[in-house]
């Protein structure tokens, strides 16, 4: 099993799939679909899968966040239902002192650096880049969560996880950073305790055909 300085958890996620490499000591306690047993589209749309482990205690929440849609028809639902419910769900693990990682296609480009054409007029009216969605992501972080990639690479620019295939944007690197590994504050790279983030990256050369790149995070246990 090795010491906490030697044992790591590594995993990556792309739209529709995820993979993890777990240490032999990890014990799977539960697998849950949806958000806390909530009987809603969280269950029927297959958007959330949660794995909870002991030895060490850790929750992995894999999510495919609803897109606000054409003409932003689902924006109100996204902001006033999904975002609030997901933050509350993540907080349930923190309240139990269980470190939590929230990973997947979160369908938002949080910072200006996460949008290749941030000054374009349509950006504020496009799904994933509206002021409301970007602010909601920031509000979630204010609850005690950290964008692991940005924590390790605060000045990174021109680093994206999504490119429009229709527009042929990948060869030109005209993209958005929509995929994340968000961790509870106690898992931040600066944390003195374990588990904590050791590395985070975007594997932008991993899939030449898809429109999303996998995100990778390594957690020191």
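Odds and ends about this structure:
- Among 174, 150, the ranking by other beta carbons within 10 Å of each residue's beta carbon, starting with the fewest, stands as 174, 150.
- Crossing angle, helix 131-142 versus the chain [Cα axis fit, 0-90 degrees, rounded to tens]: 20
- With R₀ fixed at 30 Å, the C-beta to C-beta distance from residue 192 to residue 45 puts the FRET efficiency at about 0.15.
- The modelled label-to-label distance for the pair residue 57/residue 118, using points 7 Å beyond Cα in the direction of Cβ, is 3.8 nm.
- The ellipsoid that matches the Cα gyration tensor of segment 85-221 has semi-axes, each √(5λ) in whole angstrom, of 27, 18, 12, with the longest given first.
- Rounded to the nearest 10 degrees, the inclination of helix 83-95 to the longest alpha-carbon principal axis of the chain is 20 degrees.
- Our summary gives the chain a relative contact order of 22 percent, counting only alpha carbon pairs under 8 angstrom and 6 or more residues apart.
- Between residue 142 and residue 199, the C-beta separation translates, for a Förster distance of 25 Å, into a calculated FRET efficiency of about 0.50.
- Cβ crowding within 10 Å, taken as a proxy for footprinting-reagent exposure, orders 176, 72, 28 from fewest neighbours to most as 28, 72, 176.
- Taking the fewest neighbouring Cβ atoms within 10 Å as the starting point, the ordered list for 92, 101, 50 is 92, 50, 101.
- Over the chain: helical MRE at 222 nm, DSSP H runs n ≥ 4 each giving -39500 (n - 2.57), nearest 500: -4000 deg cm²/dmol
- Distance between the 7 Å Cα→Cβ label points at residue 32 and residue 88: 1.3 nm.
- Ordering 52-63, 103-114 by mean Cβ neighbour count within 10 Å, with the highest value first, yields 103-114, 52-63.
- The mean sequence distance of close C-alpha pairs (under 8 Å, at least 6 residues apart), as a share of the length of segment 47-105, puts its relative contact order at 42 percent.
- Estimated inter-spin distance, residue 72 and residue 111, nm [label 7 Å along Cα→Cβ]: 2.4
- log₁₀ of I(q)/I(0) at q = 0.15, 0.27, 0.29 Å⁻¹ - segment 125-193, Debye sum with one point per alpha carbon: -0.61, -1.24, -1.29
Where a number appears in this text, it was derived from the coordinates with a stated rule and is not lab data. Source: prediction; values computed, not measured. Note that each Cβ is placed from the backbone with ideal geometry, even for glycine, and that neighbours are counted across all protein chains shown.
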